[in-house]
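Structure below; questions to follow.
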Amino acid sequence: MLRILYSWPSLLGFSMAISLSISHAMQIGTQPISATSLEQFDIGGTSELTNLSYTAAFDTKSPQAAVIVPELPSPAAKNCSPSVTSTPAPNAMIHVSINAPCHSTQNVSVHHNGLMLSYPIGITGVLDFELPALAENAIVLTEFSDNFVAVNRTRIQALAAFDRTALQWSGDLDLSLLSTETSNLRTVHVGTKGARQAMILTALRVDNLDTMPNLQVVSRDHSACGALVSFQTIAVKKAQAAHVSTFDIQAPECSAETVDLVLKNLREVTKLALN
């Protein structure tokens, strides 16, 4: 079962490819429906859905989302549901608070505007963390091990004062996003090492100008030498739509003197986000 906690208007106005099946007292049918038609359904704050999948990045300024709703039977509901809140934090950050006593010691997947991260929930069932916002209308999806999904939307008005570039990957490799020049960047690591994680660099715009320097994706893990390394970058400029790039890089072989293994120069990638 997939149960989503949401407000329908909070799901509208962003480009999101969703494939889902719904179990609800209202039988919707098997034909594609639009986000506009979803506004007509008065079904409160919680619904139950199954088989949700969505694209990596959301564009909150794009037209309506298309939704395909096949009919499938609904499994029995859980006895307790997680509670998730998201609130604005200083420096265009999002504070996420999870209270999930029935999901203690389990992992949770967090999605935000292309970011796909993994976090462990402690034995108390409580988890708090901050994410650098990658959209002014910041939508955070939190997916639990039983397919319960909470959807939260937070307005981050301060984002336009910053530029951000994220590097995300999955696994044990020690990847970094580094500036090729002297700069004053704020670096935040989110997610879980050894699982789905990201490094996000933030630059403060000066006189409304882009100050993000040229960046490189670097590995300090010699296990990457000669291997195929996969990662993704997400660049956000002046709170505009995210520019997402996916890379599968055949890393060069290393010598005994190799310290930083440069995998990709992101100069062209970050500048493309200005257009």
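Show me 258-265, 171-178, 122-129 ranked by packing, highest mean number of other Cβ atoms within 10 Å first.
For the peptides 258-265, 171-178, 122-129, the packing ranking is 171-178, 258-265, 122-129.
Here's another thing I want to ask about it. For the stretch 129-178, how big is Rg over Rh, using alpha carbon atoms and the Kirkwood form of Rh?
1.04
Let me ask you something else. Multiply the residue gap between GLU253 and SER83 by 0.36 nm, knock off their C-alpha separation, and tell me the result in nm, one decimal place.
Numbers: separation 170, 0.36 × 170 = 61.20 nm, distance 4.74 nm.
Extra length available between GLU253 and SER83 comes to 56.5 nm.
Does anything in the stretch 78-113 have its amide N under 13 Å from the 7 Å Cα→Cβ label point of VAL126, and if so which residues?
Answer for this model: 97-101.
Each reported figure results from applying straightforward, stated rules to the coordinates on display, with no laboratory input. Since we're looking at a predicted model, the values are computed, not measured. Cβ sites come from the backbone with ideal geometry, for glycine too, and all protein chains shown count toward neighbours.
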